[in-house]
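Here's the structure, in structure tokens; my notes come after.
The values are calculated or read from the model by the stated rules, or taken from the named source; none is laboratory data. Keep in mind it's a predicted model, so treat the numbers as computed, not measured. Cβ atoms come from the backbone with ideal geometry, glycine included; neighbour counts cover every protein chain shown. Side chains are part of the model used for accessible areas, which takes the heavy atoms of the whole protein and leaves out ligands, DNA and RNA. Shrake-Rupley method; radii C 1.70, N 1.55, O 1.52, S 1.80 Å.
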Amino acid sequence: MASRILGSAIRRREDPRLVTGQAKYTDDFVLPGMVYMAVVRSPYAHARIKRIDTTKAAAMPGVLGVFTGQQMKDAGFGPIPCAWVVPGSDTKTPPYPPIAIDTVRYVGNAVAMLVASDRYQARDAVDAVEVDYEPLPVVVDGFAATQPGAPQLHADVANNVCFHWHVTGGDVDAAFKAADVVVKDHIINQRLIPNAMEPRASLAHYSPAMGEVTLWTTTQNPHITRFLLSLDTGTPEHKIRVIAPEVGGGFGSKIPHYPEESMVVFASKALNRPVKWTESRSENYRSTIHGRDHIQDVELAAKRDGTIVGLRAKVWANMGAYLSTASTGIPTILHGLMLSGVYTIPNIHEDVYGVFTNTTPVDAYRGAGRPEAVFIVERLVDLMARELKMDPVELRRKNLIPPFTDGHTVATGLVYDTGNYVGALDKALEMAGYADLRKQQADMLAKGQYLGIGLCTYAEICGLGPSQVAGAVGFGGGLWESAIVRFHPSGKVNVMVGISPHGQGEETTFAQIVADELGVGVDDVEILHGDTDQTPMGWGTYGSRSTPVGSGALMGAIKKIKDKSKIITAHLLEASVEDIDYADGKFFVKGSPDRFKTIQDIALMANVAWNMPKGVEPVLEASCFFDPPNFVYPFGAHIAVVQVDAETGEVALKRYIAVDDCGKVINPMIVEGQIHGGIAQGAGQALWEGAVYDDEGQLLTGSLMDYAVPKAEYFPKFELAMTETLTTVNPLGVKGIGETGTIASTPAIYNAVADALAPLGVKTINMPLTPERVWRAIREARS
Ligand code: MCN
């Protein structure tokens, strides 16, 4: 019976309320007396604020208050904290005031806020706030900002270098000296703009009588928001309740604690009214974090037979104008440490420079650091294969880390948990019909048609992670998870969890785990999350950690429930505890399966507590806090097949094959859904998406009209398969799956396009591979 629920493709129980419009998002909440905040934002990327005149705006109809950064500061509201400062990187964290006080540093930087009786009056009054700016020189490029004479953003940050971090394993210089072949590339891993369906929103209600703040907000981690909000608003943590109602996607962009969360709290306190703010889509483009934005100089060294001996990289990571919550950990710990990929690379060195520029702050975007690492490795491996005239499959095969079940240490110091990379590759090749594809490619080339086949074999670090490591790498919090399993007298179950899913589906998969382990119906289990007053402390949903870490907590609580149930059963059946066994929802006497109590019997007896064993507390409820011993490392092999039209530069994605391994699969349909979404987002980076700033720091791709989010019609049917290599890090053997598609698909598709363009002589081309860029590259190569 057990295997029927865990591992089965039951439908997401979240969906009926989502597809029928009954879900409640932050903007749906209406409180008595509620008023609306709007934000005055800088049209300049860099300017001194000479004067702010709020008189006209304050006199506009419905306006209840206009506030500046100075007023917030005077009221004791501090700068927005950065929660991750990597040791040994000499990180500078210049103050990030929620509203700029004397200088604005990016277009969209808040300069004032106002509150009015309705949201239209609030928007109208924004235009009436007069601000005199003295424009300052602007820099938007992460490398240019470090060069002598570049405009300086923060007084104490010389050359805009926010940090310098490096990772070293082995002796990379010696390896390069001794190598037969070296390939190099200059990669622009372009800036991306997260596009959650629901923009950000926050609603604060301050109760002066209780001294309490309730904040409904679009966050992926309400407990972290509560913690950080207590630091910058001065409201004690136990007096803050953060509720993440339905959250319409985040993809990393709703991890940070944002200025507007602090601003609505300030306004609610100042006006003694509930205050709501909802972002417009164009505000979202300018003021919600962006992702990626690396400039990378990279090189790979190998012997003539294809044995890889070293990898060297130098990266300029654009941090934007200020340090957002998790920003510094992304291009360092989550990026640099993954540079061995799935290969044996004995010598690795990377330098990473975090750089301030006059752009929107950069933080985690699906994959966060790992796409930027996997792209480097997979691109270099393909370049090396071409240089050595080897098939990219053969070069990969030669260097793949052999299968392991008990940990494998790579040169950067990480210990991968379990892996069978060649297994995933073989399966993908078989599904693709690789040999036939290569033949088809040659036949088409003979007819002047350009088919490209691209591979990506990847592993990624997720399931963040052991708290001790979190502390050691400078993350300002823990990374354990929590669960409370509560049986009601009727045998129905509530589970309170610290994670905060916002589209991923744990209300379904966690119910599957409980049902499977405890023999209750899946519909008898309700998973509660996203409210700091109702759930135990947890560190949130990101880094594909909810399942690997959260299920560990859930399994710990389930074990306690089972242990207690055995004691109660033994007492009721007058047997000894050692003689009680459990299977499929029944606790029975070993050897006498007809002498049993169901879990529902036990739940009732424990709740009424008429006849409890001596010293055993009433109620069937248990909690667990689970801190994993290691990260988890999902892996897989993706193959993209594209056809390039050499006349128009258009790239058509013909086939996409993905083999992913996330350990034990709880719900294959949900896992496939995650992989689908991930592939689409990674393909977006390869082919269409990219944030473009002009030299004045104006975001030219500032709306969905200009920023090309992929559409369903661009994709073929994905051909998916899974292998199951269990991890030893948590009780179920599960690894994360939320980001793998994004991490693998960008290099797979890029490599496919590069493969198609190689016969045309195209050597290098930057993402996104739009028809115009491809067309130009072909023209340049031909001329
Ligand atoms: N799952 C499973 N079996 C496994 C692993 C996962 O059935 N072996 C299921 C999980 O139980 C869950 C889903 O797959 O229902 C994703 O789980 P997991 O990999 O643990 O990832 P998280 O829940 O921690 O989600 C975070 C991850 C990240 S980091 C980003 S970014 C992302 C993503 O999830 N953002 C998303 N997927 C998203 N999906 C939606 N709809 N919206 C987002 O914002």
| Can you pull the accessible area of Tyr542 for me, 1.4 Å probe, Å² to the nearest 10? | 30
| query | How much accessible surface area, in Å² rounded to 10, belongs to the heavy atoms of His349 with a 1.4 Å probe? | reply | 40
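How long is the gain from Asn611 to Asp297 if the chain were fully straight, where each residue apart is worth 0.36 nm and the alpha carbon distance is subtracted?
Working it through step by step, the gained length comes to 105.9 nm.
Grab the other residues whose beta carbon is less than 10 angstrom from that of Ala373, score K and R as +1, D and E as -1, and report the net. Don't skip to the answer; put the middle values down first.
Details: positive: Arg370; negative: Glu350, Glu372, Glu378, Glu460.
Surrounding charge for Ala373 is -3.
By the gyration tensor of its Cα atoms, with a ≥ b ≥ c the square roots of the eigenvalues, what is the shape of the chain: rounded for a/c under 1.5, prolate for a/b over b/c, or oblate?
Working: a/c = 1.85, a/b = 1.08, b/c = 1.72.
Oblate, since a/c reaches 1.5 and b/c is not below a/b.
Could you work out the local net charge near Ser42, counting Lys and Arg as +1, Asp and Glu as -1, over the other residues with Cβ closer than 10 Å to its Cβ? Please report the intermediate quantities before stating the final value.
On the way: positive: Arg41, Arg105, Arg286; negative: none.
My count for the surroundings of Ser42 gives +3.
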| message | Taking the Cα centroid of the stretch 422-487 and of the stretch 113-160, what is the distance between the two, rounded to the nearest whole Å? | response | 39
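Give me the net charge for the shell around Glu617: Cβ to Cβ below 14 angstrom, other residues only, Lys and Arg +1, Asp and Glu -1.
Values: positive: Arg486, Lys560, Lys564, Lys614; negative: Asp563, Glu621.
Combined, the nearby Lys, Arg, Asp and Glu give +2.
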| request: Compute the accessible area per residue over the stretch 583-738, keeping the other protein chains in place, probe 1.4 Å, unit Å². | output: 42
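Only sites in a loop by DSSP and with at most 10 other Cβ atoms within 10 Å count here; which chymotrypsin sites (Phe, Trp or Tyr not before Pro) in the stretch 609-679 make the cut? Before the final figure, lay out the partial values.
Values: sites: Trp610, Phe625, Phe626, Phe631, Phe635, Tyr656; in loops: Trp610, Phe631.
Passing both the DSSP loop test and the Cβ count: Trp610.
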| message | Run the simple label-point estimate for Lys559 and Asp523 please: 7 Å along Cα→C-beta, distance reported in nm. | response | 3.3
| field | Accessible surface of the stretch 571-647, 1.4 Å probe, proportion on carbon and sulfur as whole % | value | 50
| query | Okay, which of the stretch 501-520 sit inside 17 Å, backbone N to the point 7 Å along the Cα-Cβ direction of Arg17? | reply | 501-512
| said: Which lysines, if any, have their Cα less than 22 Å from the Cα of Lys276, not counting same-chain residues under 8 positions apart? | reply: Lys24, Lys73, Lys239, Lys254
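Taking square-rooted eigenvalues a ≥ b ≥ c of the alpha carbon gyration tensor, is the stretch 317-388 rounded, prolate or oblate, where a/c under 1.5 means rounded and, failing that, a/b exceeding b/c means prolate?
Working: a/c = 2.51, a/b = 2.20, b/c = 1.14.
Because a/c hits 1.5 or more and a/b exceeds b/c, the stretch 317-388 counts as prolate.
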| Residue-level accessible surface for Arg776, protein heavy atoms, 1.4 Å, Å² | 120
| Measuring from centroid to centroid over Cα atoms, what is the spacing of the stretch 177-201 and the stretch 651-680 in Å? | 21
| field | Whole-angstrom gap from the stretch 611-631 to the stretch 506-527, using each part's C-alpha centre | value | 18
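Nothing charged except the Cβ atoms of Lys and Arg (+1) and of Asp and Glu (-1): what's the magnitude of the dipole of the chain about its Cα centre? Round to the nearest 20 debye. Could you put the intermediate results ahead of the total?
On the way: 70 positive and 88 negative charges, 37 e Å.
That gives a dipole near 180 debye.
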| said: Sort 139-152, 222-235, 576-589 by packing, meaning the average of other beta carbons within 10 Å per residue, with the highest value first. | reply: 222-235, 139-152, 576-589
| query | So for the stretch 29-122, Kirkwood radius off the Cα pairs, Stokes-Einstein at 37 °C and 0.692 mPa s: how many µm² s⁻¹? | reply | 218
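Going by accessible area, probe 1.4 Å, with all protein chains left in place, what is the ranking of Trp277, Trp316, largest first?
On the way: Trp277 5, Trp316 25 Å².
Descending order: Trp316, Trp277.
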| said: Cross-link candidates for Lys398: which lysines have Cα within less than 22 Å, leaving aside residues fewer than 8 places away along the same chain? | reply: Lys177, Lys184, Lys303, Lys389, Lys427
| query | Each label point is 7 Å from the Cα along the Cα-to-Cβ direction; what then is the distance between the points at Glu212 and Asp706, in nm? | reply | 4.5
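By accessible area of protein heavy atoms, probe 1.4 Å, what ranking do Arg655, Arg11, Arg41, Arg486 get, highest first? Before the final figure, lay out each step's value.
On the way: Arg655 65, Arg11 200, Arg41 45, Arg486 85 Å².
Result of the area sort, largest leading: Arg11, Arg486, Arg655, Arg41.
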| Which value results when the Cα radius of gyration for the stretch 172-249 is divided by 2.2 N^0.38 Å? | 2.00
